[in-house]
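The values are calculated or read from the model by the stated rules, or taken from the named source; none is laboratory data. A quick note: this is a predicted structure, and the numbers were derived from the prediction, not measured. When we count neighbours, we look across all protein chains shown, and the Cβ atoms used for this are built from the backbone with ideal geometry, even at glycine.
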Amino acid sequence: MANCAYCGTSILFGGVSDGPRRYCNNDCHVAGYFVSLASQIPPAKLDEMVHATRVGQCPKCGKAGSPVDVYMAHRIWSALILTSWSSQPEVSCKSCATKRQLGAIAFSGTLGWWGFPWGLIGTPVQIIRNFSAMAAKPKRDSPLLRKHVQVVLGQRLAENLAMAESQQVQPAVPPPLP
């Protein structure tokens, strides 16, 4: 069984192949491309950008002072024999993350129990994962924040490359003869 080269998710069927790398979906494939572009950035500059993101303003509320990181919110919903659970990352401050995780707990507590057997099993798991995430202290230089910064920098590099290619001087073509 293969793992996604970007997010690490197990890939049972399908996925997107790109040379030796395999991705679980097209979004991870694109993000993996941006991370590979960002590998050209010197490590010291990348560390500087990660630190600037960490101590900067929260992209959700705009406040500064609380460490910005990638926080996970875990949700589950069920309907008889159908159950769907997910873990969604988001870049924000701890306060915004806690509000989002409390919302995920309320969502899961309300809609998670209604499936058998996975709803009954998965709902307590997702609720505990949210409480654990809320209680955890923010890590310094978390790998998820570093990867997020790499994707953003890779996007900027790709935009700059595309702009440079579009602005290349075209050779002058003489006008057609009458």
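Each residue in region 132-148 was checked for being in a helix (DSSP H, G or I) and either among the aromatic types (Phe, Trp, Tyr) or crowded, with 16+ Cβ neighbours inside 10 Å (or both), and 6 pass. Looking across region 23-43, not a single residue is surrounded by 14 or more Cβ atoms within 10 Å (Cβ to Cβ), assigned to a loop (DSSP other than H, G, I, E, B) and of a type in the set (Ser, Thr, Tyr). Evaluate region 55-77: report whether one residue or more is over 25 Å from Thr98 (Cβ atoms) and surrounded by fewer than 19 Cβ atoms within 10 Å (Cβ to Cβ). No, region 55-77 has no match at all. The residue that is modelled with the lowest pLDDT, counting only those in region 6-22 that are touching a Phe, Trp or Tyr at 6+ places or on another chain (Cβ under 7 Å) and over 24 Å from Asn160 (Cβ atoms), is Gly15. Number of residues in region 44-68 that are within 17 Å of Arg156 (Cβ to Cβ) and either part of a loop (DSSP other than H, G, I, E, B) or free of Cβ contacts under 8 Å to residues at least 40 places away in the same chain (or both): the value is 5.
Assess whether Ser78 counts as being modelled with pLDDT of 95 or more and polar (S, T, N, Q). Yes, satisfied. Given the structure, is Leu177 within 29 Å of Lys60 (Cα to Cα), of a type in the set (A, V, I, L, M) and surrounded by fewer than 15 Cβ atoms within 10 Å (Cβ to Cβ)? It is false that Leu177 is within 29 Å of Lys60 (Cα to Cα), of a type in the set (A, V, I, L, M) and surrounded by fewer than 15 Cβ atoms within 10 Å (Cβ to Cβ). Out of Ser36, Ser10, Ser87, Ser92, one residue alone is touching a strand residue (DSSP E or B) at 6+ places or on another chain (Cβ under 7 Å) and touching a residue at least 40 places away in the same chain (Cβ under 8 Å). It is Ser87.
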